Amino acid sequence: MTTQTKAMTADDLLDLPDDGFRYELVEGDLRKMPPPGRRHGRIIMNLSTPLDQYVRAQRLGEVYAEIGYMLATNPDTVLAPDLSFLQQERLAGADPDRPYWVGAPDLAVEVVSPSDRYSEVNEKVARWLAAGTRLVWVIDPRRQQVAVHRAPQAVTNLTAMDALDGGDVVPGWTLPVRELFV
């Protein structure tokens, strides 16, 4: 006799109690993540503040911290990047009260935490790109590097001596990589 477990849905994810952890849903499988640490939070602020200010000033769209994106259904996949961006054209008519954005962001940012495995981060990058995300930045605090993904095989690794730019997703925006790690 076999037991079959029911895949968790996006609605089930919404119903989870707030226990201080973050969760994502991958093909119906719940993934639990510890809350981000201090260094992680500082890096996100060092990136989100100038990015959000630029995006607002240029009226390019909206920058979000840790919102859920419904990438697939039956079984459901809901991922929440550390930071994301949606271009203005995609926001028209969108319901701001809907629990998850349906589809992928234009830009997804992942900060590698001490508890993350690189294989898991790479799996997430692959999911973002397959779902239509045009640009993924993976920030690695230990190595003080940023991996810029535009396609599964198109990766550029930036060091503290380089500048991060928004390419055609956030045109005109740049930030020295070293400023992420101060």
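The values are calculated or read from the model by the stated rules, or taken from the named source; none is laboratory data. Everything quoted here is computed from the prediction, not taken from an experiment. Cβ coordinates were reconstructed from backbone atoms using ideal geometry, including for glycine residues, and neighbour counts include every protein chain displayed.
Values as computed for the structure displayed
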{"read-out": "Failed criterion for residue 108 (all others in (1) touching a Pro at 6+ places or on another chain (Cβ under 7 Å); (2) in a loop (DSSP other than H, G, I, E, B) hold)", "value": "(2)"}
{"read-out": "Cβ-Cβ under 7 Å pairs, at least 6 apart or on other chains, the stretch 144-164 side at positive phi, far side of a type outside the set (S, T, N, Q)", "value": "144/160; 144/181"}
{"read-out": "Test: residue 42 is of a type in the set (D, E, K, R) and within 26 Å of residue 166 (Cα to Cα)", "value": "yes"}
{"read-out": "Residue list for the stretch 31-71, filter: part of a strand (DSSP E or B), touching an Asp or Glu at 6+ places or on another chain (Cβ under 8 Å) and surrounded by fewer than 18 Cβ atoms within 10 Å (Cβ to Cβ)", "value": "31, 33, 65"}
{"read-out": "Subset of the stretch 72-105 (residues that are more than 26 Å from residue 39 (Cβ to Cβ), assigned to a loop (DSSP other than H, G, I, E, B) and under 14 Å from the mean Cα position of the chain (by Cα))", "value": "100, 103, 104"}
{"read-out": "Condition broken by residue 17, with the remaining ones in (1) assigned to a loop (DSSP other than H, G, I, E, B); (2) surrounded by 11 or more Cβ atoms within 10 Å (Cβ to Cβ); (3) of a type outside the set (Lys, Arg) satisfied", "value": "(2)"}
{"read-out": "Positions within the stretch 140-182 being part of a loop (DSSP other than H, G, I, E, B), hydrophobic (A, V, I, L, M, F, W, C) and farther than 24 Å from residue 86 by Cα, in sequence order", "value": "160, 161, 182"}
{"read-out": "Of residues in the stretch 144-158 being under 11 Å from residue 180 (Cβ atoms) and not hydrophobic (A, V, I, L, M, F, W, C), the one surrounded by the fewest Cβ atoms within 10 Å (Cβ to Cβ)", "value": "144"}
{"read-out": "Filter result for residue 132 (on the phi > 0 side of the Ramachandran plot and within 17 Å of the chain's Cα centre (by Cα))", "value": "yes"}
{"read-out": "Residue within the stretch 76-95 that is without any contact (Cβ under 8 Å) to a residue 40 or more places away in the chain, surrounded by 15 or more Cβ atoms within 10 Å (Cβ to Cβ) and aromatic (Phe, Trp, Tyr) present", "value": "no"}
{"read-out": "Subset of the stretch 101-123 that is of a type outside the set (A, V, I, L, M, F, W, C) and modelled with pLDDT of 95 or more - its residue that is surrounded by the most Cβ atoms within 10 Å (Cβ to Cβ)", "value": "105"}
